[in-house]
Every structure is written in structure tokens, then in C-alpha cells.
Amino acid sequence: MIIGGMLVSTVEYPGYISMVIFTGGCLLRCPYCHNPELITGGEQVNLREIKEEIDDSQEFIDSLVLTGGEPLIQYDELEKIIKHAKVSKLKFKLDTNGCYPERLKKIIKYVDYVALDVKAPFNSYEKIIGAPIGEDVKKSMKIAYNSPNTFLECRTTYVPGLLNKEDILNISKNITCNLYTIQQFRNRVVLDDKLKQTNNPTRKELMELAQLAKNYVDKLMIKTSEFGNEIVK
Ligand code: SF4
């Protein structure tokens, strides 16, 4: 399996201590990607070694998180890792960009938590992200939302200039999920160097967007580097 690294985290899966695996490979080229080295990179690591690493950490972790890159791109390996996590009684969280609804459908019964990127209004993906995958993301959202034992978080990185207030409103009107998170764009590491000139949105800006979106979603959170995760009342 191609991965960019593994670490233990207390923040990637809320309420759990997790082993996080950063997988390599992604079909998209989001200009604000903050893991650009993982889009085509990573190192080949034997699946057995990954399982051993999980087993060796069993005493102090209670969950496994796969993030990327896009984990579903390496479907066969991912399926084996999930099954290993389940046999090991670990909770499992998957971060995904929603490109692969059919693959998600096949493993959704094993997934306790899906964090799904909703990067743009479903009908504006091509314009904003450069890939016409809005319908796939919508399908992925429905699969995760309709899975009885899966918690679904939809999340949008708010990049000023790429997205605007109307886009956030449009997204919030068209998603169904257990939690919607508007997260702060950070200009320090990005795929497209031009975005280094874009200011990081402030907490105040995100809070104003959240107040608009709140009319359409049940539970909403903003995420900033300064204040962390904040549920919006
Ligand atoms: S932000 Fe995520 S979906 Fe976009 S290119 Fe980077 S890894 Fe892929």
C-alpha cells in the first residue's frame, strides 16, 4: 500500500485515540490541497507491516483513521485494513473526497465515521475544483447518510476567492449529514502557489458564514487553527 506516514492522534477521530494512516494518491488537484506531496507520492509499505504497526499500538488506540490523499483509490488494500481494524475491535473513520461512491457502498457497513469533503455546491464542482464530480459526491453523501451505524460529517474548506457566501448557502441547503463543518483555509502549504497570496479567513468570517448555514443544517461546527473546533449555537 502506498502511504505517506502513520501517527497516533487524539484529534482526528473526535472522542477517540486513533492510529492515522495517510494514504498516497488522489484523482483531484484542489488548488488549496495541504498535503500536495500525497497526491502522487508516498512510499510502498507492505500491508503486513501496516497491520503489525496497528497491532503493536493496540494498547493505546481505540480507532483507526484513513485519510489522504484519497484512501478509496487503493480500494483492495483499504478493504483489508478495515477488516483488520474490525477484527481488532477498533472504530474506523474514513476521510474521503467522495469520488468513489460505488467503492464506498461496498465497505460502508464497516465505517463508523465518514468525513466527506463537500468542496463546492454539487453543480459547481467543475467550475470551482476543475473536476465534474458533484454527482459522485452527492451519491457518496447519500450512501453514508443512509448507513444506519455511520456518522456523517460533511466539511467544506472555505477559501476566499474560490468560494463565496452564496456557495456556502447553496451547499448547506443541499447536504444531509449529522454534522457540517466549515473549516479555515490555510495558505502555508498549498498545491497552487498563487493561493499563498490569499489571506486565511478569520474566525469572525467563518462564524458569519456559519450563522447563514445554520438555518439549513442541524449541527454545525467551524474549525480554525486559532480556536480549534467550535460548535455553532
Ligand atoms: S485536498 Fe484532498 S481531494 Fe483535494 S487534491 Fe488534496 S488530497 Fe486530493
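The values are calculated or read from the model by the stated rules, or taken from the named source; none is laboratory data. No experiment lies behind these values; they were computed from the predicted model shown. For neighbour counting, all protein chains shown are included, and Cβ atoms are generated from backbone atoms with ideal geometry for every residue, glycine included.
Only one residue in Leu195, Leu220, Leu212, Leu191 is touching a Phe, Trp or Tyr at 6+ places or on another chain (Cβ under 8 Å) and within 30 Å of Ser147 (Cα to Cα). Which one? Matching residue, one of Leu195, Leu220, Leu212, Leu191: Leu220. Restricting the search to the stretch 196-227, which residues are farther than 16 Å from Lys119 by Cα and part of a helix (DSSP H, G or I)? Result: Lys196, Gln197, Arg203, Lys204, Glu205, Met207, Glu208, Gln211, Leu212. Only a single item in (1) out of contact with any helix residue (DSSP H, G or I) (no Cβ under 7 Å at 6 or more places or on another chain); (2) more than 24 Å from Lys93 (Cβ to Cβ); (3) among the hydrophobic types (A, V, I, L, M, F, W, C) is not met by Leu162, and it is number (1). The numbered conditions (1) within 16 Å of the ligand (Cβ to nearest atom); (2) small (Gly, Ala, Ser); (3) surrounded by fewer than 21 Cβ atoms within 10 Å (Cβ to Cβ) are all true for Gly15 except (1). I want to confirm something. Restricting to the stretch 109-121 and keeping residues that are away from the ligand (no atom under 15 Å from the Cβ) and surrounded by 19 or more Cβ atoms within 10 Å (Cβ to Cβ), which single residue is farthest from the chain's Cα centre (by Cα)? Across the stretch 109-121, the extreme among qualifying residues is Pro121.
Condition first: farther than 17 Å from Gly130 by Cα, modelled with pLDDT under 95 and among the acidic types (Asp, Glu). Can you find one or more residues in the stretch 44-52 that meet it? There is no residue in the stretch 44-52 that is farther than 17 Å from Gly130 by Cα, modelled with pLDDT under 95 and among the acidic types (Asp, Glu). State all residues of the stretch 215-233 that are at pLDDT 95 or above and either among the basic types (Lys, Arg) or under 15 Å from Asp167 (Cα atoms) (or both); if no residue qualifies, say none. Answer for the stretch 215-233, where residues must be at pLDDT 95 or above and either among the basic types (Lys, Arg) or under 15 Å from Asp167 (Cα atoms) (or both): Tyr216, Val217, Lys219, Lys223. In the stretch 175-202, of all residues being of a type in the set (Lys, Arg) and more than 16 Å from the chain's Cα centre (by Cα), the one that is nearest to Glu12 (Cα to Cα) corresponds to Arg188. Only a single item in (1) within 10 Å of the ligand (Cβ to nearest atom); (2) touching a strand residue (DSSP E or B) at 6+ places or on another chain (Cβ under 8 Å) is not met by Arg29, and it is number (2). Looking for something more than 14 Å from the ligand (Cβ to nearest atom), assigned to a helix (DSSP H, G or I) and among the acidic types (Asp, Glu) - is there at least one such residue anywhere in the stretch 158-174? Scanning the stretch 158-174, I find at least one residue that is more than 14 Å from the ligand (Cβ to nearest atom), assigned to a helix (DSSP H, G or I) and among the acidic types (Asp, Glu), so the answer is yes.
In the list Gly15, Gly41, which residue meets the criterion of being on the phi > 0 side of the Ramachandran plot and free of Cβ contacts under 8 Å to residues at least 60 places away in the same chain? None of the others qualify; the one that does is Gly15.
Every listed requirement among (1) surrounded by fewer than 18 Cβ atoms within 10 Å (Cβ to Cβ); (2) in contact (Cβ under 8 Å) with a residue 24 or more places away in the chain; (3) away from the ligand (no atom under 14 Å from the Cβ) is met by Gly130 save one, (3). From the list Lys93, Lys89, Lys80, the lone residue that is of a type in the set (Lys, Arg) and either surrounded by 20 or more Cβ atoms within 10 Å (Cβ to Cβ) or within 16 Å of the ligand (Cβ to nearest atom) (or both) is Lys93.
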